[in-house]
Amino acid sequence: MKPAEIRELSMAELNQKLADLRDELFNLRFQHAINQLDNPLRLQVVRKDIARVKTVIREKELKAQ
């Protein structure tokens, strides 16, 4: 996802997206451990998406204060 797309989401949607990305990362790590991961670069993409979502959540928290 692009940062502009993430910034348009509400806090509830951001928290849901974060939970979904964490679940996906867990599944990807599990697949990687048993050598069934088709695209290893997906791990990096998901980690960066998690960081983007967490950054936007923090920005919104600071703006609300």
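The values are calculated or read from the model by the stated rules, or taken from the named source; none is laboratory data. Because the structure is predicted, anything quoted here is derived from the model rather than measured. In this analysis, Cβ positions are derived from the backbone assuming ideal geometry, glycine residues included, and neighbour counts consider all displayed protein chains. For accessibility, only protein heavy atoms count, side chains too; no ligands or nucleic acids. Shrake-Rupley method; radii C 1.70, N 1.55, O 1.52, S 1.80 Å.
Within the accessible area of the chain, the carbon and sulfur atoms contribute 52%, probe 1.4 Å, all protein chains present. The angle between the Cα long axis of helix 41-64 and the main principal axis of the chain comes to about 20°, on a 0 to 90 degree scale. About the centre of its Cα atoms, segment 1-50 shows a dipole size close to 220 debye [charges on the beta carbon of Lys, Arg (+1) and Asp, Glu (-1) only; nearest 20 debye]. Note on the chain: lysine pairs with Cα distance below 14 Å, sequence gap of 8 or more or different chains, count 5. Here residue 63 and residue 16 are evaluated by their C-beta separation; at R0 = 25 Å the FRET efficiency comes out at 0.80.
Normalised per residue, the accessible area of the chain is 76 Å², obtained with a 1.4 Å probe and no contribution from ligands, DNA or RNA. Relative to the longest principal axis of the Cα atoms of the chain, the long axis of helix 11-33 makes an angle of roughly 20 degrees. Ordering 3, 19, 34 by the projection of their Cα atoms onto the charge dipole of the chain, which places +1 on the Cβ of Lys and Arg and -1 on the Cβ of Asp and Glu, puts 3 at the extreme positive end.
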